[in-house]
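Below you'll find the structure, written out as structure tokens, and then a few comments.
The numbers here are math on the coordinates, done by the rules we state, and not lab data. Everything numeric here is computed off the predicted structure, so don't read it as measured data. Neighbour counts are summed over all protein chains in view; Cβ atoms, including those assigned to glycine, are modelled from backbone coordinates with ideal geometry.
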Amino acid sequence: MIELEKTYLAKSIPENLKDCKIKEIVDIYIPKESDHPKLRLRKNGNKFELTKKEPIVESDASNQNEQTIILNEDEFNALNQQVGGKMVRKLRYFYDYNGKTAEFDIFQDSLLGLVVVEFEFDTIEEKDNFQMPDFCLADITQEVFIAGGVICGKTYEDIENNLTKFEYNKLFLK
């Protein structure tokens, strides 16, 4: 499956976001030793999966080839115990924006204060013509420092210098 998406740093959090549908997501990237692992174990609410994501063109993270295997909870737990990858936890809010769904990822634990917004698209043309919403600060789709496999296992302080170039300020859901 090809995934077409854009990722933004959030500038603000919409007031009614806390009223939106929410899921807790736990991502475990493997292998732990890799700087940018392509394999991800995911607990998505009460769903479990193993996914491999790779850019179709090396220099374009907005078009990815994604292969997913659905797991049950026992398989997820067994794989997690065997591989022990790097973990990141976030709360994902699903916010309606002009007929599209903005996925607000509010990072938890050591990345608290980081909020990223993702949009998925059906066509390349739709993705390429999409205008960044006012609640977004900067398009970070091509920024490697914030890719899931890279950010995993890091702290906010580890990525703070990269965020500073976008004049990003920590955000918290009230």
query: Hey, in the GNM for the chain with a 10 angstrom Cα cutoff, which one of Asp105, Asp74, Asp158 fluctuates hardest?
result: Asp74
- prompt: Among Lys154, Lys21, Lys86, whose mean-square fluctuation peaks in a Gaussian network model of the chain (Cα, cutoff 10 Å)?
  reply: Lys21
message: So for segment 75-174, averaging the separation of alpha carbon pairs under 8 Å that are six or more residues apart and normalising by length, what relative contact order in percent results?
response: 24
- prompt: Kirkwood hydrodynamic radius of the chain from all distinct Cα pairs, in Å?
  reply: 16.7
task: Report the FRET efficiency, 1/(1 + (r/R0)^6), for Asp139 and Ala78, where r is their Cβ-Cβ distance and R0 is 30 Å, rounded to 0.05.
output: 0.20
task: Pairs of Cα atoms under 8 Å, at least six residues apart: use those to get the relative contact order of segment 2-164, whole percent.
output: 31
- prompt: Within the chain, which is the longest segment containing none of the GluC sites (Glu not before Pro) that sit in a DSSP loop and have at most 12 other Cβ atoms within 10 Å?
  reply: 59-166
message: Apply the Karplus curve 6.51 cos²θ - 1.76 cosθ + 1.60, θ = phi - 60°, to the phi angles in segment 159-174 and return the couplings in whole Hz, x for Gly and Pro.
response: 10, 4, 4, 5, 6, 4, 5, 9, 6, 6, 10, 3, 10, 9, 6, 9
Estimated dipole of segment 65-174 in Debye, rounded to 20 [Cβ of Lys and Arg +1, of Asp and Glu -1, Cα centre]: 480
statement: Computed from every Cα-Cα pair in segment 78-174, P(r) in 5 Å bins starting at 0 and rounded to whole percents is 2, 11, 20, 23, 19, 13, 8, 3, 1
task: Output the pairs from Lys47/Lys100; Lys6/Lys174; Lys23/Lys165; Lys86/Lys127 with a Cα-Cα distance over 28 Å in this structure; if there are none, say none.
output: Lys23/Lys165; Lys86/Lys127
query: Which value in deg cm²/dmol, rounded to the nearest 500, describes the helix-derived mean residue ellipticity at 222 nm for the chain, given -39,500 (n - 2.57) per DSSP H run of n ≥ 4 and division by the residue count?
result: -4500 deg cm²/dmol
